[in-house]
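K.L.:
After the structure tokens below, expect a handful of questions from me.
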Number of protein chains: 2
Amino acid sequence: MILIKVGGGKQINLNYVSEDIKKLIDDGEKIVLVHGASGTRDEIARRLNSETKTIVSPSGVSSVYTDTKAVDIFLMVYAGLVNKHIVAKLQQNGINAIGLSGIDGQLWKGKRKKVIYSQEGKKTKLISDSMTGKVDKINTDLINLLLNNQYIPVVCPPALSENNEIINTDNDWAAAIMAGTLKIEEMVVLFEAPGFLKKFGDESSLIKTVDKNKLDQYMIYAQGRMKKKLLGAKEAFRLGLKKMYWSDGRIKNPIINALKGLGTIIS
Amino acid sequence: MILIKVGGGKQINLNYVSEDIKKLIDDGEKIVLVHGASGTRDEIARRLNSETKTIVSPSGVSSVYTDTKAVDIFLMVYAGLVNKHIVAKLQQNGINAIGLSGIDGQLWKGKRKKVIYSQEGKKTKLISDSMTGKVDKINTDLINLLLNNQYIPVVCPPALSENNEIINTDNDWAAAIMAGTLKIEEMVVLFEAPGFLKKFGDESSLIKTVDKNKLDQYMIYAQGRMKKKLLGAKEAFRLGLKKMYWSDGRIKNPIINALKGLGTIIS
């Protein structure tokens with residue numbers, strides 16, 4: 001079983017992703033797909049005059065500020081527009097996909113963070129209306145039920161809180177937890193870069209291999225959202241993941257090339 | 001097994017609907033829910049400067065004009081925003097719901113109408129970019145798989161065409177086909193009126209009972225979208241449905257009252 005996490009950048013080529021998934025399934029592989037939609041979300045949020053706001057935690061990790069209005073945009077773009085277009089694309093490639101958000105069937109559950117902190121210059125601001133949380137429980141029965149009946153799950157945020165409120169959640173973390181609890185050994189992470197870069201934006205600075213036991217040491221190279229990917233990776237390995245591939249979602253054969261080691265291999 | 005179709009009007013009380021579903025499930029009933037979202041769709045379409053356009057067929061049946069832009073709004077509002085809020089509400093009531101569009105797992109399939117006609121005064125206009133079609137095939141295995149594993153399916157448009165394009169589809173028709181192919185004997189249709197009215201808008205003109213074999217005779221009382229409900233009803237009875245209840249989705253105990261005959265019973 002392979003878990004594939006596809007980023008939400010607009011340059012990711014979903015046709016190529018879909019073609020590779022078809023090949024893997026035809027070879028007898030079981031696939032779980034998790035996707036983002038940040039590019040489209042920002043676009044729709046702008047059109048709705050409700051622009052995406054990013055906050056940075058005191059420890060330097062950036063995330064999207066999510067109140068109930070932003071949750072609604074998440075629902076529209078992640079669970080609606082993008083999820084269903086991916087499902088239809090997979091169907092067009094002969095893959096019987098089913099789209100699920102973390103809400104459906106209690107797939108992703110986490111505790112709502114009632115208070116979060118935002119670093120604004122030298123000031124630390126307290127935010128109390130945030131509808132966010134960290135996923136800590138996965139309905140693996142549901143994923144296995146679908147896979148055992150030849151359906152391919154296509155999963156995205158948001159998730160449910162302990163009180164079944166709709167909460168936004170870090171996708172990389174949730175995907176990692178899902179890989180771990182499903183006892184998946186290989187996970188492919190696709191985004192708009194050739195892999196993990198030492199220098200942000202410099203594609204020649206690709207790190208080919210990373211020791212899974214030394215992930216902390218790589219934190220200095222991680223910009224913005226990459227920090228979250230590293231934190232997710234660390235948790236996935238703690239839960240039993242064997243190999244993680246970070247690779248380019250813009251190129252032909254993105255998954256097969258990732259598995260061949262074209263990008264970064266963490267193991 | 002009961003199929004419940006909840007209209008998309010903003011006055012429908014989803015808390016009441018959810019409470020009744022919980023009672024029915026606790027009594028051992030299997031439930032499939034199909035919902036609309038037309039009220040919210042019109043609102044979001046306006047905010048996106050892409051207002052909903054209605055067309056009327058030469059035979060007088062009105063429907064939403066759906067090009068690929070309108071399909072995207074459907075995806076956002078039906079499969080995203082409204083579907084997931086209903087699923088979360090059911091979860092809050094202790095019901096393990098799973099939201100599905102007709103796209104997921106090939107749940108609803110139909111043939112795309114390549115050409116449709118719109119009556120504009122005395123002129124008949126031909127429309128060729130319409131992404132619409134009539135559902136004629138249901139993945140009943142998927143619904144049964146979920147029900148047999150204690151999940152409650154919450155279903156909405158759009159559907160897939162024979163070529164797996166995303167198509168908008170008449171919800172009442174699709175719900176009727178689903179009831180028929182699932183061999184469901186009872187179907188409850190909730191909307192913003194006490195039942196089937198002889199005079200549109202006059203709540204005292206409620207028709208208490210309708211003979212399922214004489215549905216055609218009632219077409220004269222049906223305004224706009226009600227015509228579609230009658231056409232759907234006719235098809236559902238042809239497929240084996242025994243009883244259909246049309247009732248008020250705004251009141252307390254909407255489903256239980258419907259089953260008691262508070263609205264219109266077609267049988």
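K.L.:
Just give me the residues in the stretch A:5-19 being charged (D, E, K, R) and assigned to a loop (DSSP other than H, G, I, E, B), in sequence order.
P.N.:
A:Lys10
K.L.:
Those residues that are without any contact (Cβ under 8 Å) to a residue 24 or more places away in the chain and more than 22 Å from B:Ala179 (Cα to Cα), I need them from the stretch B:223-254; list them, please.
P.N.:
B:Gln223, the sole residue that qualifies.
K.L.:
Evaluate the stretch A:61-75: report whether one residue or more is over 30 Å from A:Leu126 (Cα atoms), among the hydrophobic types (A, V, I, L, M, F, W, C) and crowded, with 23+ Cβ neighbours inside 10 Å.
P.N.:
no
K.L.:
Among what's in the stretch B:65-74 and is more than 7 Å from chain A (Cβ to nearest Cβ) and not hydroxyl-bearing (Ser, Thr, Tyr), pick the residue that is nearest to the chain's Cα centre (by Cα).
P.N.:
The selected residue is B:Phe74.
K.L.:
A follow-up question, please. B:Ser118 versus (1) surrounded by 14 or more Cβ atoms within 10 Å (Cβ to Cβ); (2) at pLDDT below 95; (3) more than 23 Å from B:Thr68 (Cβ to Cβ): which is the lone unmet condition?
P.N.:
Status for B:Ser118: all satisfied but (3).
K.L.:
Only one residue in B:Ile95, B:Ile44, B:Ile31 is in contact (Cβ under 8 Å) with a residue 12 or more places away in the chain, within 21 Å of A:Lys69 (Cα to Cα) and surrounded by 20 or more Cβ atoms within 10 Å (Cβ to Cβ), so which one is that?
P.N.:
B:Ile44
K.L.:
Any residue at all in the stretch A:47-54 that's away from every other protein chain (no Cβ under 14 Å), surrounded by fewer than 17 Cβ atoms within 10 Å (Cβ to Cβ) and at pLDDT 95 or above?
P.N.:
No, that holds for no residue.
K.L.:
While we're looking at this one, here's another question. All but one of (1) under 28 Å from A:Lys23 (Cα atoms); (2) surrounded by fewer than 20 Cβ atoms within 10 Å (Cβ to Cβ) hold for A:Ser101, so report the exception by its number.
P.N.:
For A:Ser101, the failing item is (2).
K.L.:
Mind counting the residues in the stretch A:136-162 that are part of a strand (DSSP E or B) and more than 17 Å from the chain's Cα centre (by Cα)?
P.N.:
Going through the stretch A:136-162 one residue at a time, the tally reaches 1.
K.L.:
For the stretch B:124-143, enumerate the residues that are within 14 Å of chain A (Cβ to nearest Cβ) and either among the hydrophobic types (A, V, I, L, M, F, W, C) or over 23 Å from B:Gly232 (Cβ atoms) (or both).
P.N.:
The answer is B:Met131, B:Leu142, B:Ile143.
K.L.:
To continue, here is another question. More than 22 Å from A:Met226 (Cβ to Cβ) and without any contact (Cβ under 8 Å) to a residue 60 or more places away in the chain - does that describe any residue in the stretch A:9-26?
P.N.:
yes
K.L.:
Related question: Which numbered condition trips up B:Ile86, out of (1) over 19 Å from A:Leu146 (Cα atoms); (2) under 17 Å from the mean Cα position of the chain (by Cα); (3) within 14 Å of chain A (Cβ to nearest Cβ); (4) not in a helix (DSSP H, G or I)?
P.N.:
Just one mismatch for B:Ile86, condition (4).
K.L.:
Let me spell it out: the conditions are (1) more than 22 Å from A:Ala233 (Cβ to Cβ); (2) within 14 Å of chain B (Cβ to nearest Cβ); (3) touching a residue at least 60 places away in the same chain (Cβ under 8 Å), and A:Pro153 meets all of them except one. Which number is the exception?
P.N.:
Going through (1) more than 22 Å from A:Ala233 (Cβ to Cβ); (2) within 14 Å of chain B (Cβ to nearest Cβ); (3) touching a residue at least 60 places away in the same chain (Cβ under 8 Å) one by one, A:Pro153 breaks only (1).
K.L.:
I would also like to ask the following. Could you identify the single residue in A:Val61, A:Val115, A:Val77 that is in contact (Cβ under 8 Å) with a residue 12 or more places away in the chain, away from chain B (no Cβ under 14 Å), out of contact with any strand residue (DSSP E or B) (no Cβ under 7 Å at 6 or more places or on another chain) and among the β-branched types (Val, Ile, Thr)?
P.N.:
Just a single option satisfies the conditions, and that option is A:Val61.
K.L.:
State the number of residues belonging to the stretch B:121-132 that are assigned to a strand (DSSP E or B) and closer than 16 Å to B:Val71 by Cα. First the steps, then the outcome.
P.N.:
Taking the stretch B:121-132 and keeping what is assigned to a strand (DSSP E or B), we get B:123-127, B:132.
Narrowing further to those that are closer than 16 Å to B:Val71 by Cα: B:127, B:132.
Total satisfying the criteria: 2.
K.L.:
Something else now. Residue by residue through the stretch B:182-199, note down the ones that are in contact with a Phe, Trp or Tyr (Cβ under 7 Å, 6 or more places away or on another chain) and under 12 Å from B:Ile12 (Cα atoms).
P.N.:
B:Val189
K.L.:
Go through the stretch B:89-112 and give me each residue that's more than 8 Å from chain A (Cβ to nearest Cβ) and closer than 13 Å to B:Ala159 by Cα. Don't jump to the end; show me each part of the working.
P.N.:
Looking only at the stretch B:89-112, we keep the residues that are more than 8 Å from chain A (Cβ to nearest Cβ), and these are B:89-90, B:93-95, B:102, B:107-112.
Of everything in the stretch B:89-112, those that are more than 8 Å from chain A (Cβ to nearest Cβ) and closer than 13 Å to B:Ala159 by Cα turn out to be B:Gly102, B:Leu107, B:Trp108, B:Lys109, B:Gly110, B:Lys111, B:Arg112.
The values are calculated or read from the model by the stated rules, or taken from the named source; none is laboratory data. Just so it is clear, the model here is predicted, and its values are computed rather than measured. Cβ: placed from backbone, ideal geometry, glycine included. Neighbour counts: every protein chain shown.
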